[in-house]
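The values are calculated or read from the model by the stated rules, or taken from the named source; none is laboratory data. Quick caveat, the model's predicted, so the values are computed rather than measured. Cβ: placed from backbone, ideal geometry, glycine included. Neighbour counts: every protein chain shown. To get the accessible areas, we keep the full protein, side chains included, count just its heavy atoms, and leave off ligands, DNA and RNA. Shrake-Rupley method; radii C 1.70, N 1.55, O 1.52, S 1.80 Å.
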Amino acid sequence: MGPIISHRPVTLAQVTSPAPAPRGPDDRFVPGRPARLVVLVSGGGSNLSALLEATRDPVYGAQVVAVGADREGTGGVAAAQAAGIPTFVERVGAYPSREEWDSALTAQVAAHEPDLVISAGFLKLCGRQFLERFDGRYVNTHNTLLPAFPGIHGPRDALEYGVKLAGATLFFVDAGIDTGVILAQVAVPVLDDDDVETLTERIKVAERAQLVEQVGRLAREGWHIEGRRVRLGTDTAG
Ligand code: GRF
C-alpha cells in the first residue's frame, strides 16, 4: 500500500467565511474555511466555467482563488478575468529549461495556497517539483476511461479503436502520463455516426458534471488516498 495522504473536510458553516489558509505542519491540514482551488487551463475553459458557476453558491464548499495557463489568450483565463479572479500565465518557452518553468509554475500556484490544484484541460506535464509540492492534491480530468487511451488524443483514439463506451476520468496526478489514482469515472455511449467532434462534446458534458460534483465532495467531505484508492469523508490523520 502507498502512503496515506489525508485532508480534513470543511463544514457547511465554514464555507461562508473565506480566510487565509492556515496549514498544519504537514502543509495539508485545512480547517475552518472553503477549499481553495487553483485551476490550470490551456484552452477554452468549459470545465473551469462550470466550476466557477458552482462556486457561486457558498454551500458548494470551494472557491477558485486563481487560474493559470501555459499560454496567452486562452478562453479559460478570459473567463477568470471576467469573474474577477486572479490569473497568471507561465509559458515553457519563457524559461531556459523545463525545470525552471516547473519551478516558476510551482511558485505561482503555491502563492495562492491551494487545497486542490485542478488541471482542467491543462496540456502540460508538470515536473518533479510541482508534483512533490502538490502531491495528493493535484487532480486532472481526462477525456477517456483510463487506463484506456491516455494522452492528448483520447476521444480520437477511442473512436478509432471502436469502443462502444467512452467517458472521462478524474484522477490525482502522479509522475506518469494519465496513470494516477482514480477518483471518479463517467461513461457515455459511442454512437454509430459519431465523429471525433460529436464524441468529444458528449464526453465533455459528462466530464464537466463529474468534475463539479467530485470537487465539491472533496471540498465538503475531505479525502485521503490509500494506495490506489481515494476515500472521501474519512480523515485517518485524526
Ligand atoms: C477536456 O475534455 C479535458 O479532458 C481535455 O481537454 C478538455 C478541456 O476542455 N484534456 P475545456 O478547456 O475545459 O473546455
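What the table shows:
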quantity: Interchain or long-range residues, amide H under 5 Å from LEU183's placed H; calculated: LEU170, PHE171, PHE172
quantity: Amide proton proximity set for SER119, modelled H, under 5 Å, gap of 5+; calculated: LEU40, VAL139, ASN140, THR141
quantity: Cα-based Rg and Dmax for the range 178-238, where Dmax is the largest Cα-Cα distance (Å); calculated: 15.3, 52
quantity: Leading residue at positive end of dipole, the range 140-238 (Cβ point charges), from ALA187, ALA209, GLY233; calculated: GLY233
quantity: Nearest-10 value in Å² for the accessible area of VAL139, using the 1.4 Å probe; calculated: 0
quantity: Spin-label pair ALA110/ILE177, simplified geometry with 7 Å Cα→Cβ offset, distance in nm; calculated: 2.8
quantity: Nonlocal amide H pairs with VAL163, under 5 Å, H built at 1.01 Å; calculated: none
quantity: Per-pair calculated FRET efficiency, R0 = 25 Å: GLU53 and ILE152 via Cβ, rounded to 0.05; calculated: 0.45
quantity: Cα centre as origin, Lys/Arg/Asp/Glu Cβ charges: the range 115-184 dipole, Debye; calculated: 100
quantity: Heavy-atom accessible area ranking, 1.4 Å probe, most first, across THR74, THR87; calculated: THR87, THR74
quantity: The range 134-191: relative contact order as a whole-number percent, Cα under 8 Å and 6+ apart; calculated: 37
quantity: Dipole magnitude (debye, nearest 20) for the range 93-155, charges at Cβ of Lys, Arg, Asp, Glu; calculated: 180
quantity: 20 Å reach of a label modelled at GLU100, 7 Å along Cα-to-Cβ, counting backbone N of the range 41-82; calculated: 69-72
quantity: Table column - 3J(HN,Hα) (Hz), the range 170-175, Karplus curve with 6.51, -1.76, 1.60, x for Gly and Pro; calculated: 10, 8, 7, 6, 10, 6
quantity: Dipole of the range 55-119, positive end: most advanced residue of PRO86, GLY73, LEU116 [Cβ charges, Cα centre]; calculated: GLY73
